[in-house]
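The values are calculated or read from the model by the stated rules, or taken from the named source; none is laboratory data. Computed from a prediction, not measured in an experiment: that's the story for all the values here. Positions of Cβ are generated from backbone atoms using ideal geometry, with glycine treated the same way; all protein chains shown enter the neighbour counts.
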Amino acid sequence: MNFVIITHVQHIKENSNYYGYAPYVREMNIWLKYVKKVTVVAPIEKSKLDNIHLAYQHKNLKFKEVQNFNTTSFLNSLRTLLKLPSILWTIFLAMKKADHIHLRCPGNMGLLGCLVQILFPNTPKTAKYAGNWDPKAKQPSTYKIQKWILNNTFLTKNMQVLVYGKWEGSSKNIKPFFTATYSETKKEQILPRSLNQKINFVFVGTLSIGKKPLYAIQLIEKLKNLGLDVHLNLFGDGVLRNELEKYIESNKLAAFIFLKGNQSKEVIEQAYKESHFLILASKSEGWPKVVAEAMFWGSLPLTTNVSCVNYMIDNENRGKLLSLNLEEDTQLVYDLIQNEEHYSKMCIDARDWSQHFTTEYFENEIIKLLAVS
């Protein structure tokens with residue numbers, strides 16, 4: 001089987017290996033265990049490898065480089081118009097030789113892939129829609145176009161679209177799905193941490209406006225002002241790092257709030273094990289892996305009500321929803337800390353639910369998807 005991947009993920013070539021964003025590549029390597037040949041159609045960037053990068057693991061992998069493009073400005077839009085014919089032709093030629101087409105959406109390459117796949121109605125296909133499938137969510141028009149094409153059974157045939165959550169108005173193409181990080185061998189009956197000690201909070205994600213890391217910092221600052229012994233570790237990097245550093249310094253928070261940068265999977269895992277709470281005040285998510293990962297280790301998620309999050313935390317039975325009103329959320333967390341029995345039960349429920357979604361379970365579902373090819 002020639003398994004063709006169309007993705008917007010930026011790649012780095014080093015020697016004969018191709019590296020990409022580690023969570024994405026780690027997932028794709030599970031798919032690639034069951035195919036004989038792989039063709040990746042994606043952009044390449046010239047940058048140094050980091051802890052957040054991982055290499056594809058496949059002996060027969062071909063890479064078809066396309067130019068990176070965006071429409072963030074008028075000039076970039078003009079440049080994109082010049083690049084599109086070449087990119088579309090590369091996608092078309094790759095799909096023409098495919099035994100199975102796999103689209104990664106939403107994204108600029110995902111949009112082009114959605115359009116070109118219409119020309120191949122007989123080729124088996126899957127699409128991983130890693131964003132928010134909620135039809136009521138406010139999203140860019142390009143995202144809505146991708147969702148409309150994928151959901152349309154006249155334009156999109158032989159397709160299984162993997163989305164997070166169950167939504168009204170979904171066609172037979174749409175299949176509720178999930179993402180997994182940990183193996184069955186990682187399962188532990190890890191017990192909730194006591195609240196009668198230093199209370200550890202963790203943030204994992206890019207330091208970007210959409211992830212709202214400053215809100216996490218301000219929430220901990222408020223709790224500290226109420227006399228609680230709270231600490232926050234932020235894992236990840238991004239454009240807001242300098243701004244956050246200045247805020248921490250100017251407000252004298254350095255004794256209990258720490259920017260850890262990008263770290264390995266092992267370091268993040270240990271942080272989950274030592275934390276009482278995860279904070280994710282994000283504006284948009286698909287299946288937020290950090291929520292499931294934290295729950296796996298008995299760390300209770302405090303998160304905004306985006307995408308399928310409320311399903312994951314079972315209507316606040318195994319986590320709490322943030323309103324993004326700082327006063328309200330501070331009181332919410334403060335009250336929860338005062339009720340250790342309730343907190344512990346929620347942590348156990350969160351752990352037991354998340355430990356169902358292992359990589360072995362995920363892999364078995366992938367095998368089923370590929371069986372139709």
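Output the residue which, of all residues in segment 312-325 that are under 13 Å from residue 351 (Cα atoms) and of a type outside the set (D, E, K, R), is surrounded by the fewest Cβ atoms within 10 Å (Cβ to Cβ). Full working, then the answer.
Applying the first criterion (under 13 Å from residue 351 (Cα atoms)) to segment 312-325 yields 312-314, 317-319.
Add one more test, that the residue is of a type outside the set (D, E, K, R), and what stays is 312-313, 317, 319.
Working: 312: 24, 313: 24, 317: 12, 319: 27.
The residue in question is 317.
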Hey, any hits in segment 117-135 for a residue that's out of contact with any Lys or Arg (no Cβ under 7 Å at 6 or more places or on another chain), surrounded by fewer than 16 Cβ atoms within 10 Å (Cβ to Cβ) and of a type in the set (Asp, Glu)? no
Pairs, first closer than 28 Å to residue 238 by Cα and surrounded by fewer than 17 Cβ atoms within 10 Å (Cβ to Cβ) in segment 52-74, second modelled with pLDDT under 85 and of a type in the set (Gly, Ala, Ser), C-beta under 9 Å, six or more apart: 70/77; 71/77
With the first residue restricted to segment 133-151 and required to be assigned by TED's automatic domain parsing to the domain that holds residue 175, and the second required to be in a helix (DSSP H, G or I), Cβ contacts under 6 Å at 6 or more apart or on different chains are 142/111; 146/110; 146/111; 146/114; 149/114
Picking from 345, 289, 273, the residue that is of a type in the set (D, E, K, R) and closer than 21 Å to residue 213 by Cβ would be 289
Condition test on residue 30, is it under 21 Å from the mean Cα position of the chain (by Cα), of a type in the set (Val, Ile, Thr) and either not in a strand (DSSP E or B) or not assigned by TED's automatic domain parsing to the domain that holds residue 237 (or both)? yes
Determine whether segment 310-319 contains at least one residue that is touching a Leu at 6+ places or on another chain (Cβ under 9 Å) and of a type in the set (A, V, I, L, M). yes
Do any helices (runs of 4 or more DSSP H) entirely within segment 309-363 hold 2 or more residues that are over 21 Å from residue 167 (Cβ atoms), and if so, which? 326-337, 340-354
Residue hits (segment 1-51; surrounded by fewer than 15 Cβ atoms within 10 Å (Cβ to Cβ) and of a type in the set (Asp, Glu)) are 14, 45, 50
Under 7 Å by Cβ, and 6 or more places apart or on different chains, what pairs join a residue from segment 110-123 that is under 13 Å from residue 84 (Cα atoms) with one that is at pLDDT below 95? 111/142
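For segment 136-166, give me the residue count where each residue is aromatic (Phe, Trp, Tyr) and buried (at least 19 other Cβ atoms within 10 Å of the Cβ). Let's see the steps before the verdict.
To start, the set of residues in segment 136-166 that are aromatic (Phe, Trp, Tyr) comprises 143, 148, 154, 164.
Still in the list and also buried (at least 19 other Cβ atoms within 10 Å of the Cβ): 143, 164.
Final tally of qualifying residues: 2.
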Mind checking which strands (runs of 3 or more DSSP E) fall wholly inside segment 57-170 and carry at least 1 residues that are aromatic (Phe, Trp, Tyr)? 61-65, 125-129, 159-164
Could you tell me which of the residues 257, 313, 248 is of a type in the set (Val, Ile, Thr) and within 14 Å of residue 200 (Cα to Cα)? 257
If the Cβ limit is 7 Å and pairs must be 6+ apart or interchain, which residue in segment 266-289 that is in contact (Cβ under 8 Å) with a residue 60 or more places away in the chain pairs with which residue that is part of a helix (DSSP H, G or I) and of a type in the set (D, E, K, R)? 272/293; 282/211
Residue identified as touching a Pro at 6+ places or on another chain (Cβ under 7 Å), surrounded by 17 or more Cβ atoms within 10 Å (Cβ to Cβ) and modelled with pLDDT under 95 among 290, 309: 309
Residue 39 passes all but one of (1) part of a loop (DSSP other than H, G, I, E, B); (2) among the polar types (S, T, N, Q); (3) at pLDDT 90 or above; which number fails? (1)
What are the residues in segment 312-351 that are modelled with pLDDT under 95 and out of contact with any helix residue (DSSP H, G or I) (no Cβ under 9 Å at 6 or more places or on another chain), if any? 315
